[in-house]
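Student: Pasting in a structure now, in structure tokens, and then I'll have a few things to ask.
The values are calculated or read from the model by the stated rules, or taken from the named source; none is laboratory data. Keep in mind that this is a model prediction, so the values were computed, not measured. So basically every Cβ, Gly included, is an ideal-geometry build from the backbone, and we count neighbours across all protein chains shown.
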Amino acid sequence: MNIAIITGSAGLIGSESVSFLSPKMDLIIGIDNNQRAYFFGKEASTEWNKNRIEANYTNYEHHNIDIRNYNDLKIIFEKYNKDIKLIIHTAAQPSHDWAAREPLTDFTINANGTLNLLELTRLFAEKAVFIFTSTNKVYGDTPNFLPLVELENRWELDENHAYFKEGIDENMSIDQSKHSLFGASKVAADILVQEYGKYFNMNTGVFRGGCLTGPQHSGAQLHGFLAYLMKCAITKNHYTIFGYKGKQVRDNIHSWDLVNMFWHFYQNPKQGEVYNAGGGRFANCSMKEAIILCEDITGNKVDYSYSQDNRIGDHIWYISDLSKFKTHYPEWNWKYDLKATLVEMYENMKNRV
């Protein structure tokens, strides 16, 4: 029997993983206790997505478990044991702003929760593939010290700086920088996943995401900027830009493209490997450019204002270099460009918000 365990299964990447894997696995165990509603309020609840998944996938089994609870997780790992072939760990406290409010909550979810899952995998399903959704915030604010030039609607890397011209690769240091407390807790988890792979020879992979996005995202002001921006464009609610003249740049990867990266890794896993995962040069935008796109797609003007104060540790310019992953898995490529992602998001969201 082939079983996949997906944490954060009602979230953006977790639910995409359920959809992607349902035809490929005998049983999918979803673990999600809707902490997103606690972090960001009722509007960010993933309950609607949990209900959608349960209605659409007959081989999906949902468990309302907090990943900080080792004993509750152990019951699942003991029950299914060696039949567990894949663990996709997406559950997290995902906001660097929110982490400063409750550092203990943030760290115990992101770091201790990840350790619980790794250790239970080692004890009960050591041959399984363990995939972790890390974040570009592990690099802290180091990207902000790259030579950047200001253009009309975005910041961009100086064209004379050749090394990172395709984006930031995995060789950038994660040390000696300001990460935010969220970034620090994800660094701890990131290193743990690497260490279990290298020390115990387990099949573990770390995917350091840029902006992860897609139609199932329950976007909120503190997390999921494209989804939240599209929601504001549809509803005509106010949107606030924080710092950097609205020219800060992010690469954006559709949830399906990311999960397809996971699938390629699962079929040919490595031990403690790290990959940057984002839209790269293929799909990226500044905040100002994203507003223009959302206005074009919705036909509505976005009601926004500008706050001069940027978020602590936030990136001015971040584009992922996926060269390493594409070298290891040459058959993978992006399916969704930025406009296709936003159009799908609009079609999915306009009747829901």
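Student: Do we find that GLU54 is under 23 Å from LEU229 (Cβ atoms) and either acidic (Asp, Glu) or crowded, with 24+ Cβ neighbours inside 10 Å (or both) in this structure?
Tutor: Considered against the rule, which asks whether it is under 23 Å from LEU229 (Cβ atoms) and either acidic (Asp, Glu) or crowded, with 24+ Cβ neighbours inside 10 Å (or both), GLU54 comes out as no.
Student: With THR105, THR90 as the choices, which residue is crowded, with 23+ Cβ neighbours inside 10 Å and not aliphatic (A, V, I, L, M)?
Tutor: It is THR90.
Student: Six or more apart or on different chains, Cβ atoms under 6 Å: show the pairs whose first residue is in the range 91-103 and touching a residue at least 24 places away in the same chain (Cβ under 8 Å) and assigned to a loop (DSSP other than H, G, I, E, B) and whose second is buried (at least 17 other Cβ atoms within 10 Å of the Cβ) and of a type in the set (A, V, I, L, M, F, W, C).
Tutor: ALA91/ILE67; GLN93/ILE109; SER95/LEU222; ALA100/LEU181
Student: So, one more: Among THR133, THR114, which is assigned to a strand (DSSP E or B) and buried (at least 21 other Cβ atoms within 10 Å of the Cβ)?
Tutor: Answer to the selection: THR133.
Student: Let me ask you something else. Going through the range 105-140 one residue at a time, which ones are in contact with a Pro (Cβ under 9 Å, 6 or more places away or on another chain) and within 12 Å of LYS74 (Cα to Cα)?
Tutor: Once the filter is applied, which keeps residues that are in contact with a Pro (Cβ under 9 Å, 6 or more places away or on another chain) and within 12 Å of LYS74 (Cα to Cα), the range 105-140 yields nothing.
Student: Right, next: Going by what's in this entry, would TYR196 be described as touching a residue at least 40 places away in the same chain (Cβ under 8 Å), touching a helix residue (DSSP H, G or I) at 6+ places or on another chain (Cβ under 6 Å) and not hydrophobic (A, V, I, L, M, F, W, C)?
Tutor: The answer is yes for TYR196.
Student: Return the residues of the range 299-335 that are more than 19 Å from SER286 (Cβ to Cβ), surrounded by 12 or more Cβ atoms within 10 Å (Cβ to Cβ) and either touching a helix residue (DSSP H, G or I) at 6+ places or on another chain (Cβ under 8 Å) or among the acidic types (Asp, Glu) (or both); say none if nothing qualifies.
Tutor: Passing the criteria: ASN300, ILE312, PHE325, TYR329, TRP332, TRP334.
Student: Answer yes or no as to whether ALA44 is at pLDDT below 95, farther than 24 Å from GLY205 by Cα and among the hydrophobic types (A, V, I, L, M, F, W, C).
Tutor: Against the criterion (at pLDDT below 95, farther than 24 Å from GLY205 by Cα and among the hydrophobic types (A, V, I, L, M, F, W, C)), ALA44 qualifies.
Student: I'm trying to understand the selection: among the residues of the range 9-30, which are assigned to a helix (DSSP H, G or I) and either more than 20 Å from the chain's Cα centre (by Cα) or not polar (S, T, N, Q) (or both)?
Tutor: Selection gives LEU12, ILE13, GLY14, GLU16, VAL18, PHE20, LEU21.
Student: Counting only residues that are in contact with a helix residue (DSSP H, G or I) (Cβ under 7 Å, 6 or more places away or on another chain) and assigned to a helix (DSSP H, G or I), how many does the range 36-70 have?
Tutor: Adding up the residues that qualify gives 7.
Student: Out of (1) under 19 Å from ASN276 (Cα atoms); (2) aliphatic (A, V, I, L, M); (3) crowded, with 17+ Cβ neighbours inside 10 Å, what's the single condition that is false for ALA99?
Tutor: ALA99 satisfies every listed condition except (1).
Student: Taking the criterion of being at positive phi and surrounded by 14 or more Cβ atoms within 10 Å (Cβ to Cβ), would at least one residue in the range 280-293 satisfy it?
Tutor: Taking every residue of the range 280-293 in turn, at least one turns out to be at positive phi and surrounded by 14 or more Cβ atoms within 10 Å (Cβ to Cβ).
Student: Look at the range 101-121 and say how many of its residues are in contact with a Leu (Cβ under 8 Å, 6 or more places away or on another chain) and either modelled with pLDDT under 95 or of a type in the set (Ser, Thr, Tyr) (or both).
Tutor: Residues in the range 101-121 being in contact with a Leu (Cβ under 8 Å, 6 or more places away or on another chain) and either modelled with pLDDT under 95 or of a type in the set (Ser, Thr, Tyr) (or both): 1 in total.
Student: On to the next question. Given the criterion out of contact with any Leu (no Cβ under 7 Å at 6 or more places or on another chain) and of a type in the set (D, E, K, R), identify the matching residue among ASP141, ASP97.
Tutor: ASP141
Student: When you scan the range 188-299 for helices (runs of 4 or more DSSP H) that lie fully inside it, which ones turn up with 1 or more residues that are of a type in the set (Val, Ile, Thr), within 16 Å of the chain's Cα centre (by Cα) and within 30 Å of ASN2 (Cα to Cα)?
Tutor: 255-267
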